[in-house]
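Only one structure is covered here, and it is reproduced in the block below.
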């Protein structure tokens, strides 16, 4: 599959209704013209994604969103001033310009301005938004470089726009403005604390370790399915020392924040940040999950991270990837 940084070639394919993988600061996206229902259908086919799971649309400016008939809530505009471009997705009332297949029949549409120079340059040249979920088969580990995309979905994509390694490495935070009180629907690259500094208190179902609202039949947002980000190996998330007693150390993979486990071979261990930096850990998470999945082991054990800032987002991904302790 062609891989390169030729924006003109990417535009040509997108204008023809084909799929193009695009880099963002979070993960790589599988993009198509969001106004072209047939092109968006190709995303669902390529990912084997349930049709009831809505998509995020991407553009480069708030003005374009207004031009497409979308009404932007004042608090969304306040957040966008600080965090867009950036890893923050806003759910706002949809307009008639947005095909039903993009929103899976829901009343809101998820919108984002990604913070990647190559993709922003691409988006600035388009008069339509790009629908772009993560560029991996539905439910599996999200890609953080072009080669991850090619490995899993290359045969379905016309072109992979190579923008290097993703800087954030974990998907965007999703905040809904469909109700009077803004609600966090997915933890991600912008912490709830940082959001509340700008717009005041928000509803956050994950605070205090509560579960996000999961609707397997008709989720109101991308990223809310119970089983997601999953490796092929069994992954257990929780107390690693407890579970090491039940598995052979040499047949066990480890994903840890900063701890090293002496009984487990070093080659089987992926330590995400020796200095316990959650930004670094988030950036490395999906690549570590992917590499751990290539090991010849029986199980992958993953630590629970500090339940603050990006640690909440990491814990959410690990919980959805495996079995919770």
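If R₀ is 25 angstrom, what is the calculated FRET efficiency for the pair residue 202 and residue 66, using the beta carbon separation as r and rounding to 0.05? All intermediate terms of the calculation are to be shown ahead of the outcome.
Numbers: r = 24 Å, r/R0 = 0.94.
With R0 = 25 Å, the Cβ-Cβ based efficiency is 0.60.
What is the calculated FRET efficiency for residue 81 to residue 242, with r their C-beta to C-beta distance and R₀ = 41 Å, to the nearest 0.05?
0.35
Rank by packing, highest mean first: peptides 297-307, 257-267, with packing defined as the count of other Cβ atoms within 10 Å averaged across residues.
Going from most to least packed, we get 297-307, 257-267.
With everything on Cα atoms, drop me the angle between helix 278-293 and the longest principal axis of the chain, reported from 0 to 90° to the nearest 10.
The answer is roughly 70 degrees.
Could you tell me what percent of the DSSP beta bridges with both partners in the chain are antiparallel, to the nearest 5?
40
What does the highest-first list of 75-83, 244-252 look like by mean Cβ count within 10 Å?
Details: 75-83: 17.3, 244-252: 13.9.
Ranked by mean Cβ neighbours within 10 Å, highest first: 75-83, 244-252.
Sticking with the crude label model, points 7 Å out along Cα→Cβ, report the distance from residue 37 to residue 95 in nm, one decimal please.
Modelled inter-label distance: 1.9 nm.
With a Förster radius of 35 Å, plug the Cβ-Cβ distance of residue 107 and residue 267 into 1/(1 + (r/R0)^6) and report the FRET value to the nearest 0.05.
Details: r = 50 Å, r/R0 = 1.42.
The calculated FRET efficiency here is 0.10.
Return the whole-Å distance between the Cα centroid of region 239-278 and the Cα centroid of region 292-325.
Distance between centres, Cα-based: 11 Å.
Could you sort the peptides 87-93, 271-277 by per-residue average Cβ neighbour count (10 Å cutoff), highest mean leading?
The packing order, highest mean first, is 87-93, 271-277.
Listing 96, 38, 194 from the residue with the fewest other Cβ atoms within 10 Å to the one with the most, what is the order?
96, 38, 194
Would you compute, from DSSP H runs of 4+ residues alone, the mean residue ellipticity of the chain at 222 nm, taking -39500 (n - 2.57) per run and dividing by the full residue count, rounded to the nearest 500?
Values: 11 runs with 97 residues, N = 325.
Mean residue ellipticity, 222 nm, calculated: -8500 deg cm²/dmol.
Taking the Cα-to-Cβ direction at residue 234 and at residue 9 and moving 7 Å from each Cα, how far apart do the two end points lie in nm?
Inter-label distance under the simple model: 4.4 nm.
If we count other beta carbons within 10 Å of each Cβ, what is the order of 239, 60, fewest first?
So the ranking, lowest neighbour count to highest, is 239, 60.
What whole-number distance in Å separates the alpha-carbon centres of region 118-196 and region 1-59?
Their Cα centres are 11 Å away from one another.
No lab work stands behind these numbers, since they all come straight from the coordinates. Predicted, not measured: the structure shown is a model, and the values here were computed from it. Using ideal geometry, Cβ is built from the backbone for each residue, glycine included, and neighbour counts are taken over all protein chains shown.
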